[in-house]
Amino acid sequence: MNRFAMRVDRFLSNLPRFNRQQVRVLLVERRVSVDGVAVSDPHHEVREFSRVCVDAEVLQAGRAARYFMLHKPQGCVSATSEPQHRTVLDLLDEPDKDELHIAGRLDFNTTGLMLITNDGQWSRRLTQPQTKLPKVYLVQTEQDIGPHYAATFTAGVYFAFEDLTTQPADLQLLGPRTARLSIIEGRYHQVKRMFGHFNNKVTGLHRERMGPLVLDPSLAPGEYRALSEEEIRQV
Ligand code: URA
């Protein structure tokens, strides 16, 4: 568990007012509730969104977790604030936008699936390379895509700046200058640099999918919607 999810006994004993013995007693006496349900299991998980009470006293108010899918248009920055340009958050008509963050940025002219949330644990599951969730891009290039690219992308491309080799990626040729590329990391300008390895410039880039979540085809560029319960659970 990370700082956004911790055991209820630890959550309580981290507060200056309770020591471990007192926490044990509170739990045994079932005086602690998480999201309205009395808990006695010290391992019960408390999240940043959980409402936690002891007797009638509220220790953490709890708040709603929010999740959105946006079709990012071209010419828009993946940042929460930027004085020069429109940002993806400017496209959202939602309260308390300062609570929200972007799960996996896209470049200024890249289009496609962008996920925006206030749930840090959820967005990390989507973006961390360890979870190996594929991020799938439709790529257009200036030059023809050679038959040897796929093997190089599977083996990994060396990025000198970070001194690392990219994780195995899957390339599917769709036309002479069009391909679908699936990567599990999100390094800075990763797709452009992978094609840059062959001196082939990316002229169009569109993210179709992140893990189980696919861009809703009914969303026009610039439009967004809330994720369904089912979509949230899939991550
Ligand atoms: N890789 C890139 O080079 N740019 C993006 O926007 C996303 C992935």
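Laboratory data are not the source of any read-out in this text; all were calculated from the coordinates shown. Since this is a predicted model, take the numbers as computed values, not measurements. As a convention, Cβ positions derive from the backbone with ideal geometry for all residues, glycine included, and neighbour counts pool all protein chains shown.
Would you tally the residues in region 183-221 being acidic (Asp, Glu) and more than 11 Å from the ligand (Cβ to nearest atom)? First the steps, then the outcome.
If we filter region 183-221 for residues that are acidic (Asp, Glu), which is where we start, we get 185, 208, 216.
Remaining after also requiring more than 11 Å from the ligand (Cβ to nearest atom): 208, 216.
Here the count works out to 2.
Could you look through region 132-174, keep only residues that are without any contact (Cβ under 8 Å) to a residue 40 or more places away in the chain, polar (S, T, N, Q) and touching a Lys or Arg at 6+ places or on another chain (Cβ under 9 Å), and pick out the one that is farthest from the ligand (Cβ to nearest atom)?
Gln172
Select from region 119-162 the residues that are surrounded by fewer than 18 Cβ atoms within 10 Å (Cβ to Cβ) and β-branched (Val, Ile, Thr) and write down the one among them that is nearest to Arg209 (Cα to Cα).
Across region 119-162, the extreme among qualifying residues is Thr131.
Please go through region 52-81 and give me each residue that is crowded, with 17+ Cβ neighbours inside 10 Å and of a type in the set (Lys, Arg), ordered by number.
Arg66, Lys72
Quick one: what pairs do we get from region 44-59, first residue in contact (Cβ under 8 Å) with a residue 40 or more places away in the chain and closer than 15 Å to Leu15 by Cα, second buried (at least 17 other Cβ atoms within 10 Å of the Cβ) and among the aromatic types (Phe, Trp, Tyr), C-beta under 9 Å, 6+ apart or different chains?
Val46/Phe11; Val52/Phe11; Val54/Phe18; Leu59/Phe11
Counting only residues that are surrounded by 15 or more Cβ atoms within 10 Å (Cβ to Cβ) and either under 21 Å from the mean Cα position of the chain (by Cα) or not in a loop (DSSP other than H, G, I, E, B) (or both), how many does region 186-203 have?
Number satisfying all stated conditions: 9.
Say we look at region 204-235 and pick out the residues that are of a type in the set (D, E, K, R) and outside any loop (DSSP other than H, G, I, E, B); which of these is surrounded by the most Cβ atoms within 10 Å (Cβ to Cβ)?
Here the answer is Arg207.
How many of the residues in region 115-167 are on the phi > 0 side of the Ramachandran plot and among the β-branched types (Val, Ile, Thr)? First the steps, then the outcome.
First pass over region 115-167, keeping only residues on the phi > 0 side of the Ramachandran plot: 132, 156, 163.
Those still in the list that are among the β-branched types (Val, Ile, Thr) too: none.
So the answer is 0.
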